[in-house]
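Structure first, commentary second.
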Amino acid sequence: VRVLGIETSCDETAAAVVEDGRRVLSNVVYSQIARHQPYGGVVPEIASRAHLETLPGVLDEALRQAGVDWSGLDGLAVTYGPGLASSLLIGLTMARALALRLDKPCIGINHLEAHLYSIFLPSDRPSSPDLRPLTSDLRPLTSDLSPLLVLLVTGGHTALIRMEGVGRYRLLGQTRDDAAGEALDKGAKLLGLGYPGGPAMEKAAGGGDPAFIDFPRGLIRRADAPGAEDPYAFSFSGLKTALLYYLRDHPEAAGNGGLKDIAASYQEAVFDALADRAERALRREDVGALACVGGVARNQRLRSKLADLAARHRVPFHIAPFEYCTDNAAMVAALAGRLNWSRAPSAHDLDVQPGLALPSG
Ligand code: KG4
Ligand code: ZN
């Protein structure tokens, strides 16, 4: 099955052609970062205009790089949520129009679910592992995939998921407030590092001392049982406040080379919280491997923390290849290639769903 994937949920305009859920024939991402940078964050109005402007060219380029023409596609797959309504609408409308013109099927894809499939995409980097059940032909993930613990860390979501097969996900825990990427973005803004904050923070933290400041790790107490911890919940809003107070109380701290220590300590607090909840799940849930997906999974410090964790628990560690961590359409087409199209929702029957959640089952 040769699928054209389209992704416009936030600030990347992306198209990709993927065969059988894992052979990436092309992966084109136009990042709008430069357009949003002057505003210190994503401006929805600018994002949707930029999608409209660039998507036709991105689509042409994806087909050109894949070496296929429109007739060589078996179908289209497009993200319909979660994300920015006006941005999602550009991708969904374009996909529908193309599908009608080409007389090809077109299905709607959940962006969060698509992120999970980034670990099955092979990387240019030889060090990236692959999941063995999927290397050969198009075989749907079934119960022969030993349950996988996936840490999903993006700019909008932070969740621990038990993945047992296609469409079979159990949400173990998620953030009560800010997402991990959002915490990094907000912290970087406070430190004057610019947008997007995650990579800026990683760069600023280089050579810094992660133990310089003991920022809170955000343990949550369960509301219904005072004193009992909700083992897999995350909370990052207190961390951002702690940084705000620290900077207020130590106005000189960021100068004289102190910035790298503050940045290193701040991101360490985020990653410790992620690793801590993942470790609990590795202890309590019967899972055969650990995986990490989403934009924050690009971070080298987080990668090495999670790799150590997996090694300590003697389970394989599957990290999404670097180029498929942040938003892209290859993961959208990869998921589409694993689905039963007669049961997948047709894009023609869908509206955009900005608040769409990960399906469970
Ligand atoms: O998955 P993604 O591209 O978009 C969403 O679906 O949200 O994730 C974007 C997030 C942003 O918060 C960005 O700061 C973060 O991923 N990010 C990073 C790095 N690269 C991107 N965080 C830490 N280290 C990085 N190298
Ligand atoms: Zn994303």
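Mind counting the residues in the range 225-275 that are within 17 Å of residue 201 (Cα to Cα), of a type in the set (A, V, I, L, M, F, W, C) and open to solvent by 10 Å² or more (accessible area, probe 1.4 Å)?
Matching residues across the range 225-275 total 6.
With the requirement that a residue be touching a His at 6+ places or on another chain (Cβ under 8 Å) and part of a loop (DSSP other than H, G, I, E, B), what does the range 52-92 give you?
82, 83
Has the range 2-10 got any residue that is crowded, with 20+ Cβ neighbours inside 10 Å, among the hydroxyl-bearing types (Ser, Thr, Tyr) and not in a strand (DSSP E or B)? Give the derivation first.
Step one: filter the range 2-10 for residues crowded, with 20+ Cβ neighbours inside 10 Å, giving 3-10.
Narrowing the set further to residues that are among the hydroxyl-bearing types (Ser, Thr, Tyr) leaves 8-9.
This time we only want the ones that are not in a strand (DSSP E or B), so: 8-9.
Scanning the range 2-10, I find at least one residue that is crowded, with 20+ Cβ neighbours inside 10 Å, among the hydroxyl-bearing types (Ser, Thr, Tyr) and not in a strand (DSSP E or B), so the answer is yes.
Give the residue that is farthest from residue 64 (Cα to Cα), with candidates limited to residues of the range 24-33 that are within 20 Å of the chain's Cα centre (by Cα) and either open to solvent by 30 Å² or more (accessible area, probe 1.4 Å) or acidic (Asp, Glu) (or both). Spell out the reasoning first.
So in the range 24-33, the residues within 20 Å of the chain's Cα centre (by Cα) come out as 24, 26-33.
Narrowing further to those that are either open to solvent by 30 Å² or more (accessible area, probe 1.4 Å) or acidic (Asp, Glu) (or both): 24, 27, 29-31, 33.
On the way: 24: 13, 27: 11, 29: 14, 30: 15, 31: 19, 33: 24 Å.
Filtering first and then ranking leaves 33.
Which condition from (1) open to solvent by 60 Å² or more (accessible area, probe 1.4 Å); (2) within 22 Å of the chain's Cα centre (by Cα); (3) among the aromatic types (Phe, Trp, Tyr) is the one that residue 195 breaks?
(1)
Based on this model, can you work out whether residue 271 counts as within 13 Å of ligand 1 (Cβ to nearest atom) and over 20 Å from residue 149 (Cβ atoms)? Explain how you work it out, then say what you get.
Details: within 13 Å of ligand 1 (Cβ to nearest atom): yes; over 20 Å from residue 149 (Cβ atoms): no.
Taking the combined requirement at face value, the residue does not satisfy it.
Which count do you get for residues in the range 145-178 that are in a loop (DSSP other than H, G, I, E, B) and touching a residue at least 24 places away in the same chain (Cβ under 8 Å)? Please lay out each step first, then the result.
Of all residues in the range 145-178, those in a loop (DSSP other than H, G, I, E, B) come to 145-147, 154-157, 166-167, 176-178.
Those still in the list that are touching a residue at least 24 places away in the same chain (Cβ under 8 Å) too: 146-147, 154-157, 166-167, 176-178.
Residues that pass the stated criteria total 11.
Can you pull out the residues in the range 281-310 that are within 16 Å of ligand 2 (Cβ to nearest atom) and part of a loop (DSSP other than H, G, I, E, B)?
Residues satisfying the conditions are 294, 299.
Output the residues belonging to the range 300-347 that are among the aromatic types (Phe, Trp, Tyr) and either open to solvent by less than 10 Å² (accessible area, probe 1.4 Å) or touching a strand residue (DSSP E or B) at 6+ places or on another chain (Cβ under 7 Å) (or both). Let's see the steps before the verdict.
Filtering the range 300-347 for residues among the aromatic types (Phe, Trp, Tyr) gives 317, 322, 324, 341.
317, 341, listed by residue number.
Under 6 Å by Cβ, and 6 or more places apart or on different chains, what pairs join a residue from the range 292-309 that is free of Cβ contacts under 8 Å to residues at least 60 places away in the same chain with one that is assigned to a strand (DSSP E or B) and within 16 Å of ligand 2 (Cβ to nearest atom)?
Short answer, once both residue conditions are applied: 303/319.
The values are calculated or read from the model by the stated rules, or taken from the named source; none is laboratory data. If you're wondering where the values come from, they're calculated on a predicted model, not measured in any experiment. FYI the Cβ positions are ideal-geometry reconstructions off the backbone, even for glycines, and counts take in every protein chain you see. These accessible areas exclude ligands, DNA and RNA; they are computed on the full protein's heavy atoms, side chains included. Shrake-Rupley method; radii C 1.70, N 1.55, O 1.52, S 1.80 Å.
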